[in-house]
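Peer 1: The structure is given below, and queries will be raised subsequently.
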Amino acid sequence: MNRVIARKVVPANNQIFKLSRKKFFSDEASKASTAGASSQSNQESDGNLSFTGNVQPYDIAIVGGGMVGMALACSLATTPLTKHLSVAIIDSSPALANKPCIKREDPPDPRVSTVTPATISFFKDTGAWQYVQQHRHAYFDKMQVWDYTGLGYTKYDARDVDKEVLGCVVENKVLHSSLLSRIEDTDFQKKIYHSRLTSMSQNPSSSSIVVDSTASTEASYARGRVAKLELSDGNSLYAKLVVGSDGGKSQVRELAGFKTTGWKYSQNAVICTVEHSAENYCAWQRFLPAGPIALLPIGDKFSNIVWTMNPEESSDFKSMKEDDFVKAVNHALDYGYGSHPKSSLPGSAGMFSWLRGNVTIFANESFEIPPKVVKLASERMTFPLSLMHANEYASKRVVLIGDAAHTVHPLAGQGVNLGFGDAFALSRIIAEGIAVGMDIGEVSLLKKYEAERKLANMTMMAILDGFQKAYSVDFGPLNILRAAAFHGAHFISPLKRSIISYASGEQRLPLFS
């Protein structure tokens, strides 16, 4: 699969290797460099490497300076064993070139994330959460989930697992800015390249390669100890470790040759900000025939809408008049598509009464109607939904995190939390490697990260994909089974606690335990 694309001998008996956009060097390069060596003079001629251009050596190059990439940089900058590392951040986004001015009085951006208690804890550990708290954000301690059939619903409360909150909704730009602010408050050795990655190469380790001992960076490249990155602006740089945090269309993943598995859903998500007449303190999600609609509090009487539907509908809902869209949202969150679920209080004779056992249901656990939307407060945006998972996260000197490694359906708001989990896990494993004197780009170290995160990510992906598929069919017996699952989650306390804990970022699976 891997191959050398070009080998050019220049007049000064020097050798330059170039790599195709999609492949790394393999041991074939080492064989090629010595195959024609029939004498000592030939070996010296073929073995000498020379490099030109102004290049900078780094410990780590993070390709992609979005939320997940900046979370990794922030964790490295605030961890004692890694804060001395030199890091290059490569991203052409204007958000890094010109830090946006975020004003509290501005309406919320429709691009938000629901961060779990585990993610909040990570942010607090790095010192970044204090910057989030300076801007608009909304904690919620309750969540109601129901479907259009009227057969079942469930409510989750942070008190069920002895927590203060179930999560916090924050604008993406606030999370990103807060991470950047925290990094800037440290003496972390970083440089941001406002450019794009165009090629990436590694030279194989070979004892036959002769290098000038004064050229340490070039010598390391010649011996396979660093990777070389070339950027669209003409800059080149070396790094012991390249981290791909450059999204679902990752250039790092493509250049490294990582294969992926996945599929596109026949669904789009419509997102926007809406306003209420009173503050919303609860997260709401209703499963409709074409996909779920979520109403998430953002603070200051605002909420965020994430509405999944087929692509044709998404185009219509994006372009319809504002008043009509507001009516459609309220319809979808109230009696639209079906009746309200009946609250199954103790003593009622229902088909799911056997699930209740001796659990006491309080009045505040009965079904509630979400707060009415009074106006649209932002533009409406749409994006297609898909599932993707990289078959591998790591190879020598290259590792993937966040959407570069996996993308999921947004129905539970878990995508960014998985990415943050990747970032903080990789930072910890890099620190562990440094503690024992390991090369941070060594594949055996990076595979420890892969083994830890792959299981967690695939488990969550399987659960979310299962929900998506379960609600893609409107069929009587299946509707009853789904309702039974809702009631089980509502009335069986051990199951409810386990579901909440798992969704909060704990690694325990949502089983009876």
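Peer 1: Show the residue pairs meeting these rules: Cβ distance below 9 Å; 6+ apart or different chains; first residue within region 107-125 and outside any loop (DSSP other than H, G, I, E, B); second residue among the acidic types (Asp, Glu) and buried (at least 18 other Cβ atoms within 10 Å of the Cβ).
Peer 2: Short answer, once both residue conditions are applied: Val112/Glu171; Ser113/Glu171.
Peer 1: Next question, about the same structure. Residue check, Gly413 against (1) free of Cβ contacts under 8 Å to residues at least 40 places away in the same chain; (2) open to solvent by 10 Å² or more (accessible area, probe 1.4 Å); (3) small (Gly, Ala, Ser), all met but one. Which one?
Peer 2: Of (1) free of Cβ contacts under 8 Å to residues at least 40 places away in the same chain; (2) open to solvent by 10 Å² or more (accessible area, probe 1.4 Å); (3) small (Gly, Ala, Ser), only one is false for Gly413: (1).
Peer 1: Being at pLDDT 85 or above and more than 30 Å from Phe258 (Cα to Cα) is true for just one of Ala390, Ala332, Ala363. Which residue is that? Let's see the steps before the verdict.
Peer 2: On the way: Ala390 fails: more than 30 Å from Phe258 (Cα to Cα); Ala363 fails: at pLDDT 85 or above.
Criteria check complete, one pass: Ala332.
Peer 1: Still on this structure: Could you tell me which of the residues Asp439, Asp403, Asp465 is out of contact with any Ser or Thr (no Cβ under 6 Å at 6 or more places or on another chain), over 30 Å from Asp323 (Cβ atoms) and in a loop (DSSP other than H, G, I, E, B)?
Peer 2: Asp439
Peer 1: I would also like to ask the following. Of everything in region 424-438, what is touching a Leu at 6+ places or on another chain (Cβ under 9 Å) and open to solvent by less than 50 Å² (accessible area, probe 1.4 Å)? Give them in sequence order.
Peer 2: Passing the criteria: Phe424, Leu426, Ser427, Ile429, Ile430, Ala431, Gly433, Ile434.
Peer 1: Let me ask you something else. So which pairs qualify, if the first residue must be in region 427-441 and more than 12 Å from Val243 (Cβ to Cβ) and without any contact (Cβ under 8 Å) to a residue 40 or more places away in the chain, the second must be outside any helix (DSSP H, G or I) and not polar (S, T, N, Q), the Cβ gap must be under 8 Å, and the two must be at least 6 apart or on different chains?
Peer 2: What qualifies is Gly433/Asp439; Gly433/Ile440; Gly433/Glu442.
Peer 1: Scan (1) farther than 28 Å from Ile90 by Cα; (2) open to solvent by less than 50 Å² (accessible area, probe 1.4 Å); (3) among the hydrophobic types (A, V, I, L, M, F, W, C); (4) outside any strand (DSSP E or B) for the single condition Leu180 breaks and write down its number.
Peer 2: It is condition (1) that Leu180 fails.
Peer 1: Can you find a residue in region 84-102 that is modelled with pLDDT of 50 or more, part of a helix (DSSP H, G or I) and among the small types (Gly, Ala, Ser)? Spell out the reasoning first.
Peer 2: First, the residues of region 84-102 that are modelled with pLDDT of 50 or more: 84-102.
This time we only want the ones that are part of a helix (DSSP H, G or I), so: 94-97.
Restricting the remaining residues to those that are among the small types (Gly, Ala, Ser) gives 95, 97.
Yes: region 84-102 contains one or more residues that are modelled with pLDDT of 50 or more, part of a helix (DSSP H, G or I) and among the small types (Gly, Ala, Ser).
Peer 1: Follow-up. Find the helices (runs of 4 or more DSSP H) located wholly in region 246-350 whose residues include 3 or more that are touching a strand residue (DSSP E or B) at 6+ places or on another chain (Cβ under 8 Å), surrounded by fewer than 17 Cβ atoms within 10 Å (Cβ to Cβ) and not hydrophobic (A, V, I, L, M, F, W, C), and list them.
Peer 2: Values: elements: 251-256, 311-319, 322-332.
Helices (runs of 4 or more DSSP H) meeting the threshold: 311-319.
Peer 1: From the list Asp162, Asp185, pick out the single residue that is over 30 Å from His331 (Cβ atoms) and either crowded, with 21+ Cβ neighbours inside 10 Å or free of Cβ contacts under 8 Å to residues at least 40 places away in the same chain (or both).
Peer 2: Working: Asp185 fails: either crowded, with 21+ Cβ neighbours inside 10 Å or free of Cβ contacts under 8 Å to residues at least 40 places away in the same chain (or both).
Result of the check over Asp162, Asp185: Asp162.
Every residue, every condition in (1) under 30 Å from Pro289 (Cβ atoms); (2) not charged (D, E, K, R), yes or no:
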position	(1), (2)
Val112	yes, yes
Val115	yes, yes
Asp125	no, no
Tyr131	no, yes
Gly152	yes, yes
Cys168	no, yes
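Peer 1: Would you pick out the residues in region 159-175 that are at pLDDT below 90 and assigned to a helix (DSSP H, G or I)? First the steps, then the outcome.
Peer 2: As a first pass, look at region 159-175 and keep what is at pLDDT below 90: 159-163.
Scanning region 159-175 gives Arg159, Asp160, Val161.
The values are calculated or read from the model by the stated rules, or taken from the named source; none is laboratory data. Remember, predicted model here, so these are calculated numbers, not experimental data. All Cβ positions, even for glycine, are placed from backbone atoms using ideal geometry, and neighbour counts span all protein chains on display. We work out accessible area using only protein heavy atoms, side chains counted, and drop any ligands, DNA or RNA first. Shrake-Rupley method; radii C 1.70, N 1.55, O 1.52, S 1.80 Å.
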